[in-house]
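Where a number appears in this text, it was derived from the coordinates with a stated rule and is not lab data. All figures in this text were calculated on a predicted structure; none of them were measured in a lab. Heads up, the Cβs are rebuilt from the backbone with ideal geometry, glycines too, and the neighbour counts pull from every protein chain shown.
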Amino acid sequence: MPPTPQSIAERRAAYAAELAQGTDRFHEPRREDCPWCGSKRLRTRLRTSDLVQRKPGTFVVDECGDCAHAFQNPRLTAEGLAFYHRDLHGGAHEGLVERLLGARGSRARHRAAARAMLPYAEPESWLDVGTGHGHFPAVAKEVHPYTAFDGLDATRRVEKARAAGRVEEAHRGRLTDPRTAERLRARYDVVSMFHHLEHTPDPREELRAALVVLRPGGHLLVEVPDPDCAFGALLGKWWVSYGQPRHLHLMPLPNLLGELESLGCEVVATDRREPHIPYDLAGALALALGRVLPDLDAPWRPAPPSPLQRALHTALTRASTPLLASTSALDHALAPLFRRTRFSNAYRIIARR
């Protein structure tokens, strides 16, 4: 990633020069077949823009007519992923889920995920893949006080997590890097991936790499968005879990179960209730408000805002805050019902190597 200029004007000029080359180079050629099963029976499920940061570009999610796997098509290149991830972490857009849930909601969700491993042998070592700032290991230690938690992430956030004492060892990089997998081979009793696989170019490769670092008899804990969630059809592009352009895959539960079994794993638990995240309605509203009230200082905007635009933006943002809070409260109030219906938006799998 190139160095980021400090002033907004300099950053705007840098983005203007970058965008002058167009965004087509950020996409691979369009696939004519499903990356999961190879079927050519594809249909367009979604066409949208970047609703979070409002960066330029259009993104398409296709769905396979045979296995129902949904995937970004054409997929972003490594350069494209870097462009659309840039400015997401550490800025105004980071932690949308946590802001909608609140700190208490995030802790409860992490604690519930950690408790899901209690029926099995107490792990000595646990690797959290895509750990970010290490919030999950920090909470999971309260449930598993005798477990050593390590974190792996492609960004510097994992190093900050170690400095804050949330993980014991910080591994920066990708699990699919052969050097990383070999260095961590058969080292962990549990490998967790919370909302990580949907961001990866090849989820199958991620699963194979996870099994490399697991000890025999170890457990893989996976949570991902559920593409069968009714909110996907109801809210369309405003459904938070579509996550374009950063979500590359949306995998139906049967597909992941079949893949894990083909890798020789024993699936010991599945859950479509507890992993539900109560943020669908508030998330849709937040995305819609972001379209009406975009970040005025975003460097990819063609021109700086006028004083009148800035004053109007501030007033409307303050006026919308109670509405967003009320919608988030409604999400939480309806969560017990949604968890028991097709409106549940995520699922969990625990598999034994």
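What value, in deg cm²/dmol to 500, does the helix sum -39500 (n - 2.57) over DSSP H runs of n ≥ 4 give at 222 nm once divided by the residues of the chain?
Working: 11 runs with 134 residues, N = 353.
For the chain, the value works out to -12000 deg cm²/dmol.
When all C-alpha to C-alpha distances in the range 267-312 are sorted into bins of 5 Å, what percent of pairs does each bin hold, rounded to whole numbers?
Values per bin, smallest distances first: 5, 16, 15, 16, 11, 9, 8, 6, 6, 4, 3, 1.
Restricting everything to alpha-carbon atoms, can you work out Rg to Rh for the chain with a Kirkwood hydrodynamic radius?
Numbers: Rg = 20.5 Å, Rh = 21.4 Å.
With Rh from the inverse mean 1/r over Cα pairs, Rg/Rh is 0.96.
Taking each pair of different alpha-carbon atoms in the range 249-353 once, compute 1/r for the pair, average those values, and report the inverse of that mean as the Kirkwood hydrodynamic radius in Å to one decimal. Don't skip to the end; give the middle numbers.
Details: mean 1/r = 0.0584 Å⁻¹.
Hydrodynamic radius (Kirkwood, Cα only) of the range 249-353 equals 17.1 Å.
Taking the alpha carbon gyration tensor of the range 161-211, what are the square roots of 5 times its eigenvalues, largest first, to the nearest whole Å? Write out the running numbers ahead of the final one.
Details: eigenvalues 74, 40, 23 Å².
Output for the range 161-211: semi-axes of 19, 14, 11 Å.
I need the per residue convex hull volume for the range 105-169, using only the alpha carbons, in cubic angstrom as a whole number. Walk me through the numbers on the way to the answer.
On the way: hull volume 4.8 nm³, N = 65.
Per residue, the Cα convex hull of the range 105-169 comes to 74 Å³.
Please state, as a whole number in µm²/s, the translational diffusion coefficient that the Stokes-Einstein equation yields for the range 293-353 at 4 °C and 1.567 mPa s, with Rh defined as the Kirkwood radius across alpha carbon pairs.
83
Looking at the chain, which Cys residues are left with no other cysteine's beta carbon under 4.7 Å from theirs?
229, 265
With a length cut of 27 Å (Cα positions projected on each helix's long axis) and a Kyte-Doolittle mean of at least 0.5, go through the chain and give me the DSSP H helices that pass.
Numbers: long enough: 307-338 (45 Å, 0.42).
Helices meeting the span and hydropathy rule in the chain: none at all.
Going Cα to Cα from residue 55, which lysines come in below 24 Å? Please leave out same-chain ones fewer than 8 positions away.
237
Of 209, 14, 113, which has the largest mean-square fluctuation in a 10 Å C-alpha GNM of the chain?
Judging by the Gaussian network model, the answer is 14.
With only Lys, Arg, Asp and Glu charged, each at its Cβ (+1 for the first two, -1 for the last two), find how big the charge dipole of the chain is about the Cα centre; round to the nearest 20 debye.
Values: 49 positive and 42 negative charges, 135 e Å.
About 640 debye.
Which one, 106, 306, 328, has the greatest fluctuation when you compute a Gaussian network model over the chain with C-alpha springs under 10 angstrom?
Most flexible of the set in this elastic network: 306.
If you average the sequence gap of Cα pairs under 8 Å that are 6 or more apart and divide by the length of the range 184-267, what percent do you get for the contact order? Present the calculation step by step, with values, prior to reporting the outcome.
Details: 101 pairs, mean separation 28.5, N = 84.
It comes to 34 percent, rounded to a whole number.
Across the range 173-300, what fraction of all alpha-carbon pairs, as a whole percent, falls in each successive 10 Å bin from zero upward?
11, 36, 29, 17, 7, 0
Would you work out the relative contact order for the chain, in percent, from Cα pairs under 8 angstrom that are 6 or more residues apart?
Values: 609 pairs, mean separation 64.2, N = 353.
Taking the mean separation of contacting Cα pairs over the length of the chain, I get 18 percent.
How do 212, 222 line up, fewest other C-beta atoms within 10 Å first?
Values: 212 18, 222 25.
Ordered from fewest to most neighbouring Cβ atoms within 10 Å, 212, 222 come out as 212, 222.
List the relative contact order of the range 230-312 as a percent without decimals, with contacts defined as Cα pairs under 8 Å and 6+ residues apart. Intermediate results must be reported in sequence, preceding the final value.
Working: 28 pairs, mean separation 27.0, N = 83.
The value is 33 percent.
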